[in-house]
Every structure is written in C-alpha cells, then in structure tokens.
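> My questions will all concern the structure given below.
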Amino acid sequence: MSSTTLLQRLALITALMLAGCSTKKSPQVPVRQPADVKAQIQKLLPLHVTHKSDWADDIYTAFRTQQIDPSSSNLCAAIAIADQESNFSAEAAVPGLTKIAWGEIDRRAASVHVPAFLVRTALLIKSSNGESYAARLDKVRSEKELSAIFDDFIDRIPMGQKLFGNLNPIHTGGPMQVSIAFAEAHAKGYPWPVDGSIRREVFTRHGGMYFGIMHLLGYSADYSQPLYRFADFNAGWYASRNAAFQAAVARVTGMKLALDGDLILYGSEQAGSTELAVRTLAKRIDMSNSEIRDDLEKGEQADFSDSDVWKQVFTLADKMAGRRLPREMLPGIQLESPKITRKLTTAWFAQRVDSRYQQCLLRR
C-alpha cells in the first residue's frame, strides 16, 4: 500500500469520526413539569399559609409568564417578601387604618384650603353601595377597601375631585405591597382578565403576586446575595448598587451625601447633591457636566455600572482606599408612611426579608 493511499484512508477515517462527533446530541436538561414546580412552591410556603395550592398556582403563573427561573432561590425571594409584607394575605388588615384615612383627608383638605366641616358634610353623602362615605371610612380595615372608597368618592362627588383630582392616595397594595404606579406601567402581558383597572388587580392575590414578583426579579442585577435585591424592592431598582457609587463619590470628594440610591433629581433638570459632587471631579475624570449627567441618568438601568463615570469614580476611590471598595451596599433610607409607627429603615426591611428567605431555603 502506497503512503499516499494510507494517508487518504487516515483522512477519511478522521473525517468520519469528526462527522460522528458533530451529529451527536448533547443531553438536554428535562423540562420541569408545572405540577412539580407547584408542588415545590407549596413545600416552600410558610406553615401558616392557608390555601397553599391557590397561592402556588398564582406564583407559578407569574414566574412562567414572565419567564423567570423558578429556582429555589427565586421562589424563596418572592415568598419572603410576601410573608414580610402581608403574611400572605391579599387583603391584610391595617391597624388604625380608619385614623390614617381621616388624617389623609384632613391633610388634603388643608392643602387646598377647604374647611373641614365642608369635607365632613360631603362624606355624609351616600356612596355607591348605599352607605355614606363616612360610615365606610369608620369601619375600613384593608387598603383594598380604602382604595375602593377613594375611587368611589373621586368618581362621584365633586369634593372628591377637588381634594384628590384623579389621584387615589393609596399608592401600594396587595400581598407584596407593590407600587400601583409600577403595576400600571408594566401591565403589558398581564395574563389574567382585568377587573376594571390594574389598580384593582394589584389588590388581588394573583395580581399582587404577579407585579410584586416583576418588581423583585424582573430586572438584571449582578448582586452577590439576594439581600441587596430585597433592599431594591423597598428603595427602587439598583438602589443598592447606586448607594455604593454614592459612597465612593463621598470618599473621593469628602462631601457628605445621602446614600439613598438616587443619583439625579428625577423629573427635574436641576442638579441634585450627588450630581453636584461628581461635577467637582470633572477635571480628574476628564468628563464634562453634560457627560456626567448623561451617565448618571442611567442610574435606573443595568448598564450604569459600565458607564465612564462609574469606572472613573471607582478607580479614584479604590486608589484612595488602597483596596477594591464594595460595588453594593444597603441604602441608608428611613421608611416613612402613616402605617409605620416605629423608626425603620430600608436596611431593617432587607434584613428582615433575608431572614425569612433563609428560613424558606431550609424548607427545601
């Protein structure tokens, strides 16, 4: 056999072997069945939760339609928030809600210079269910009920329009206490029929979980642990990342800044304290004020951490510190709400949720 023929045969054998390798299919990860995921969710739910199968159905649908991985970590994150915010009650009673409601009405009346007695008189008018608004307010227990009263009052009574315009003063609701404005802005693709309005959907079990899960997990964030995502849920997307940037700016400039995650005054062209502090570094980071502003406006987006201002500021801060500074930290925000009677912070909220998250993981 000639050397040429031998080489040809070896080439043919090699080609056949490569062809066999190229057509061999890699093993596929089996797709999890809906029933298996729902069973897992029921197992992860706290013992005190009733109607577990219903909760599991709604949580599963939210994850499936938003194409979020139903991993134990993601499921436990959503479960921990719902447990912290409402103990898994779509219509949780709020202590002292009647007092809060009347206080809000009196505050609005004072702000538009309407005498209190005129407001009280208007609230004696019968509402859509036959009871007076005052009677309904005196026995209101949940935010869902209160939101419905305000909607009714605004729609039917001229005084309601004067006090509230078209803005219902109830801003959050449902089992995860998600922002109603957030839900209304992210309603595309909502998988259930809408009962009147997205606002009303937020106060249902399925609607509250759907939008709450979207707010918690519906954005990309490269955090080292879920704790910072829990803080973001309370303070806004990327607040934990942005607070770390503010801390770096404060270190480099020596200027005291609120580490709240707000890099600019959103909705305003005026420069806020963080933007003004970064401007003092303009020459050192070789950026103009307009370039700084353009980058800071990415503060609610994932790619802010790829921006020039982020990289330049952290280069200076790391050098000054002699080490790599954290790119994430809990925002320093004090929580304010008529429902809050103690001095609480975003850090407290995140740590409480994280404790529930760890307990959930133990139920796997």
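Values in this text are rule-based calculations from the coordinates and carry no lab data. None of these values were measured; they are calculated from a predicted model. Cβ coordinates were reconstructed from backbone atoms using ideal geometry, including for glycine residues, and neighbour counts include every protein chain displayed.
> With unit charges on the beta carbon (Lys/Arg positive, Asp/Glu negative), name the residue among L296, Y228, M320 whose Cα is farthest towards the positive pole of the charge dipole of segment 226-321.
The listed residue farthest towards the positive side: M320.
> Return one number: the angle in degrees, 0 to 90 and rounded to the nearest 10, between the long axis of the Cα atoms of helix 143-156 and the longest principal axis of the Cα atoms of the chain.
60 degrees
> Now a separate question. Arranged by the count of other C-beta atoms within 10 angstrom, fewest first, what order do K319, K144, K298 take?
Working: K319 10, K144 21, K298 18.
In order of increasing Cβ crowding within 10 Å: K319, K298, K144.
> Taking the Cα centre of the chain as the origin and placing charges on Cβ (Lys, Arg +1; Asp, Glu -1), which of Q84, Y238, L146 is farthest toward the positive end of the dipole?
Q84
> Extending each Cα 7 Å along its Cβ direction at K311 and W192, get the distance between those two points in nm, one decimal.
A separation of 4.5 nm, rounded to one decimal place.
> I've got another one for you. Residue by residue, what Karplus-based ³J(HN,Hα) values in Hz, rounded to whole numbers, does segment 81-87 have, using 6.51, -1.76 and 1.60 with θ = phi - 60° and x for Gly and Pro?
Going residue by residue, I get 5, 4, 5, 5, 7, 9, 6 Hz, with x marking Gly and Pro.
> Right, something else. Please compute the contact order of the chain in relative form: average sequence separation of alpha-carbon pairs under 8 Å and at least six residues apart, divided by the residue count, as a percent.
On the way: 443 pairs, mean separation 64.6, N = 364.
This gives 18 percent for the chain.
> For the pair R364/T121, report the inter-label distance in nm, with labels modelled 7 Å from Cα in the Cβ direction.
About 6.5 nm separates the two model spin labels.
> Further question on the same structure: Per DSSP H run of at least 4 residues, take -39500 (n - 2.57); add these up for the chain, divide by its residues and hand me the 222 nm value, nearest 500 deg cm²/dmol.
Numbers: 19 runs with 209 residues, N = 364.
Result for the chain: -17500 deg cm²/dmol, rounded to the nearest 500.
> For the chain, with only Lys/Arg (+1) and Asp/Glu (-1) charged at the beta-carbon, what is the dipole magnitude about the Cα centre, in debye rounded to 20? Kindly include the intermediate steps, with their values, before the conclusion.
Values: 44 positive and 39 negative charges, 190 e Å.
Value, rounded to 20: 920 debye.
> Lys and Arg at +1, Asp and Glu at -1: add these up for the other residues within a Cβ distance under 10 Å of P169 and post the number. Each step should come with its number before you reach the end.
Details: positive: R107, R108; negative: E104.
Surrounding charge for P169 is +1.
> May I pose another question? Among L344, W192, L124, which residue has its Cα furthest toward the positive end of the charge dipole of the chain, with +1 on Lys/Arg Cβ and -1 on Asp/Glu Cβ?
Toward the positive end, the furthest listed residue is L344.
> Let me check I've understood the local charge: for A148, count other residues with C-beta under 10 angstrom from its C-beta, Lys and Arg +1, Asp and Glu -1. What total comes out?
Numbers: positive: R136, K144, R199, R200; negative: E143, E145, D151, D152.
Charge balance near A148 sits at 0.
> Using packing as a proxy for protection, rank 228-241, 177-190 so that the peptide with the highest average count of other Cβ atoms within 10 Å comes first.
Details: 228-241: 25.1, 177-190: 16.6.
Packing order, densest peptide first, comes out as 228-241, 177-190.
> If you place +1 on the Cβ of every Lys and Arg and -1 on the Cβ of every Asp and Glu, how big does the dipole about the Cα centre of segment 97-173 come out, in debye to the nearest 20? Walk me through the numbers on the way to the answer.
On the way: 11 positive and 9 negative charges, 31 e Å.
Using Cβ point charges on Lys, Arg, Asp and Glu, segment 97-173 gives about 140 debye.
> Hey, what angle do you get for helix 34-44 against the long axis of the chain, alpha-carbon based, 0 to 90 degrees rounded to 10?
Value to nearest ten degrees: 60.
> Could you list Y266, Y210 so that the one with the fewest beta carbons within 10 Å of its beta carbon is first and the one with the most is last?
Working: Y266 11, Y210 30.
Fewest to most other Cβ atoms nearby, the residues stand as Y266, Y210.
> Quick one: angle between helix 239-253 and the longest Cα principal axis of the chain, in degrees between 0 and 90, rounded to 10, please.
80 degrees
> How much FRET efficiency would the formula 1/(1 + (r/R0)^6) give for S128 and R107, where r is the Cβ-Cβ distance and R0 is 25 Å, rounded to 0.05? Display every interim value, and only then the final one.
On the way: r = 24 Å, r/R0 = 0.98.
Calculated transfer efficiency: 0.55.
> Quick one: what Rg and Dmax do you get for segment 249-364 from the alpha carbons, in Å?
17.2, 54
> Further, regarding this structure: Quick one: if you stick a label point 7 Å off each Cα along the C-beta vector at Q334 and N87, how many nm between them?
2.8 nm
> Let me ask another. Among T253, T204, T121, which one shows the biggest mean-square fluctuation in a GNM of the chain, springs joining Cα atoms closer than 10 Å?
Taking springs between Cα atoms under 10 Å, the residue moving most is T121.
> Would you please give the FRET efficiency between H171 and T65, computed as 1/(1 + (r/R0)^6) with r the Cβ-Cβ distance and R0 = 30 Å, to the nearest 0.05?
Details: r = 25 Å, r/R0 = 0.83.
With a Förster radius of 30 Å, E is 0.75.
> Which of S197, S220 has the fewest other C-beta atoms within 10 Å, and how do the rest follow up to the most? Let's see the in-between values first.
Numbers: S197 14, S220 10.
Arranged by neighbour count, lowest to highest, S197, S220 become S220, S197.
> Can you tell me the alpha carbon radius of gyration of the chain divided by the globular rule-of-thumb value 2.2 N^0.38 Å?
It is 1.31.
> How high is the FRET efficiency between D286 and L265 when r is their beta carbon distance and R₀ equals 35 Å, given to the nearest 0.05? Please list the in-between numbers first.
Details: r = 25 Å, r/R0 = 0.70.
So, using R0 = 35 Å, E works out to roughly 0.90.
> Determine the relative contact order of segment 239-329: mean sequence separation of Cα pairs under 8 Å and six or more apart, normalised by residue count, in whole percent.
Values: 107 pairs, mean separation 31.9, N = 91.
Answer for segment 239-329 is 35 percent.
> Okay, moving on. Could you size up the charge dipole of segment 184-266 around its Cα centre, putting +1 on the beta carbon of Lys and Arg and -1 on that of Asp and Glu, and report it in debye to the nearest 20?
Numbers: 8 positive and 7 negative charges, 19 e Å.
The dipole of segment 184-266 has a size of about 100 debye.
> By how many nm would the segment from S355 to D318 lengthen if fully extended, with 0.36 nm per residue of separation less the alpha-carbon distance?
Working: separation 37, 0.36 × 37 = 13.32 nm, distance 3.14 nm.
The S355-D318 span can extend by a further 10.2 nm.
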